Amino acid sequence: MIPKGYLMRDPTAETAAVQRERLTPPADLSGATIGLLSISKERSAEFLDYVEERLTGRGLNVLRFEKPTHTKPAPESVLQEIIERCDVVVEGLAD
Amino acid sequence: MEYLVIVKRDCETCQMVAPVLADLQNVSTLTLYSQDDTTFPEATGGALDDTSLEESWRHNVEIVPTLIRIENGRETTRTEGWDRADWVRVTGINALGENLPVFRPGCGSKSVEPGMPERLALKFGNMHFESRAIEVDEMDDPAEVAYDRGWTDGLPVIPATDLRIARMLAGTTRKPDEIIGDIPPNLIPCTVEKAAINAVMAGCRPEYFPVVLAAVDAVLKPEFSMHGLLATLWFSGPVIIVNGPVAKRIGMNSQGNALGQGNRANATIGRALQLIIRNVGGGRPQEIDRSILGNPGKYTFCFAEDESDPDWVPLNLARGHAAGTSTVTLFHGDGVQGVADQKSRDPESLARSLALALWSVCHPKLAQWSHAILVLSPDHYAIFREGGWGRAEIEAGIWQALKRPGHEIVEGAGGVEEGIDHARADEMIDKFHPGGLLVVRAGGVGGLFSAIIGGWTAHRRNEDVQIVSQEIGT
């Protein structure tokens, strides 16, 4: 099969997976600040309101974020702010 | 008889032999390929298409025209360019090209233009690489993918495509699957191919690659202790000093700003070594690399010695290599400390002055803790030279001037708790271990300044940790 994309060779010892591994989720959320990122699709706010209520009800810290439009990736400034202020993030869909 | 001929229109010799080819076509089976224009030669009614250069590559054609005699499907002889006697020999036709000059050199085949042999080998040959291919989606930027995967030192890298790797490998005679050695910290066997990938990413040209390989060979010598250098809390990283004809051949900078930015060879050779340690060995900052502060030279630190004065003994000769040999010398070095002396006019004063500055290496009250490089600028060197001092006298003069009474630097002396052991108060103390001061010439004119590159604190164990030199191969 001829790949459509661009091929480059791995410069490493190849002990890492071909696909990037996801970060391991924290085992325990106590004390963590959870970011809720609305993707600005219809009713995502309502959905995240409900999630926030559930999380704060468990005594967790929640911060809310929103990207301007669901049609484009989140601006770097939003991502940076989440990285700066949160330990984990939930990105919210809706419809 | 059967012949195969490869020509191109953009070659006056090919144009000149066109009537000869027409004659040959009339009396034999002629397979004629053109590299650039299938309507050429008109005299033969054109040629078969070899604009892909596949036939030229398969027949190892270096010059056009090339005439190959084929018997029973196999080449039996060939001739290149136009040498009438040789064409007669190959064809056995005595009257061939009688009205043409006796000899005309041919032109270069398009299949051997720079970079083309590697491109053709990848396309038509069985060249392949062992390192796994990472596919970058067409919507992604390869440079960003390299960042995401942790392959860079913080600066962008050149994506290692097969063509770039093939060209890099053409810079050495060493085989791609040769194991250079185990790269610390993870002691991963590193092939020449892996080194080539990292050299591509660092931005090296293929002609730099033997220098990169020599640097890797050098740091893998056990006495260099690359693992410890990578893992140290101290500032040091590998510093590469290049000597010999290779420096001029690949355009290294030994003149103004030799320790700074702006020269591709200086910049990328040092960077390639660091990328190999990072990517193959797994040596990353804040992981196994425990440096408290690091230093900017850990991106890259590589320069050539100025060997322009025939009276100067280059560093590699002083270290026992033969004259005319190209070498790398690997030092465990920190950043650059400038030394100004604008008043000394005789060698004795300047030696004492430089010695004063050298005492600051590691700590002014510690001795034999780390080695150092003294990079003598042209204007400082001129003072020594005019005073009749060469390398031996400079080294001896500075060594002598570096001796200090122990009581001045023992713990607590001068109200500073740091210092050497009280037991040495009555000794005269040498700042460095024997062989621990490298004097190197580099730099531009116009300033009575030189530079000190301090060394690693592990130099205090000077048998375990040694400066190494390595001849640069091919």
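Okay, here's what the table says:
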| item | result |
| --- | --- |
| Qualifying positions in region B:184-203 - in contact (Cβ under 8 Å) with a residue 12 or more places away in the chain and over 26 Å from B:Phe124 (Cα atoms) | B:Pro184, B:Pro185, B:Asn186, B:Leu187, B:Ile188, B:Cys190, B:Ala202, B:Gly203 |
| Scope region B:171-183; condition within 17 Å of B:Met201 (Cβ to Cβ), in contact (Cβ under 8 Å) with a residue 40 or more places away in the chain and not polar (S, T, N, Q); matching residues | B:Pro176, B:Ile180, B:Ile183 |
| Matching residues in region B:71-107 - criterion: being in a strand (DSSP E or B) and under 43 Å from the mean Cα position of the chain (by Cα) | B:Arg74, B:Glu75, B:Thr76, B:Thr77, B:Arg78, B:Thr79, B:Glu80, B:Trp82, B:Asp83, B:Phe103, B:Arg104, B:Cys107 |
| Residue that is farthest from the chain's Cα centre (by Cα), among those in region B:279-297 that are surrounded by fewer than 24 Cβ atoms within 10 Å (Cβ to Cβ) and in a helix (DSSP H, G or I) | B:Pro296 |
| Strands (runs of 3 or more DSSP E) contained entirely in region B:108-201, each with at least 1 residues that are more than 9 Å from chain A (Cβ to nearest Cβ) | B:179-183, B:188-191 |
| Set B:Ile179, B:Ile183: member being touching a strand residue (DSSP E or B) at 6+ places or on another chain (Cβ under 8 Å), among the aliphatic types (A, V, I, L, M) and surrounded by 14 or more Cβ atoms within 10 Å (Cβ to Cβ) | B:Ile183 |
| Residue list for region B:380-422, filter: among the small types (Gly, Ala, Ser), in contact with a strand residue (DSSP E or B) (Cβ under 6 Å, 6 or more places away or on another chain) and in contact (Cβ under 8 Å) with a residue 24 or more places away in the chain | B:Gly419 |
| Test: B:Ala195 is surrounded by fewer than 19 Cβ atoms within 10 Å (Cβ to Cβ), of a type in the set (A, V, I, L, M, F, W, C), closer than 24 Å to B:Ser326 by Cβ and under 18 Å from the mean Cα position of the chain (by Cα) | no |
| Strands (runs of 3 or more DSSP E) contained entirely in region B:389-474, each with at least 3 residues that are on the phi < 0 side of the Ramachandran plot and in contact with a Ser or Thr (Cβ under 8 Å, 6 or more places away or on another chain) | B:449-455, B:468-471 |
| Residue list for region B:324-340, filter: outside any strand (DSSP E or B) and buried (at least 18 other Cβ atoms within 10 Å of the Cβ) | B:Ser326 |
| Candidates B:Thr172, B:Thr152, B:Thr161 - the one that is out of contact with any Lys or Arg (no Cβ under 9 Å at 6 or more places or on another chain), surrounded by 13 or more Cβ atoms within 10 Å (Cβ to Cβ), among the hydroxyl-bearing types (Ser, Thr, Tyr) and assigned by TED's automatic domain parsing to the domain that holds B:Gly203 | B:Thr172 |
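The values are calculated or read from the model by the stated rules, or taken from the named source; none is laboratory data. None of these values were measured; they are calculated from a predicted model. Virtual Cβ from ideal backbone geometry, glycine too; neighbours counted across all protein chains shown.
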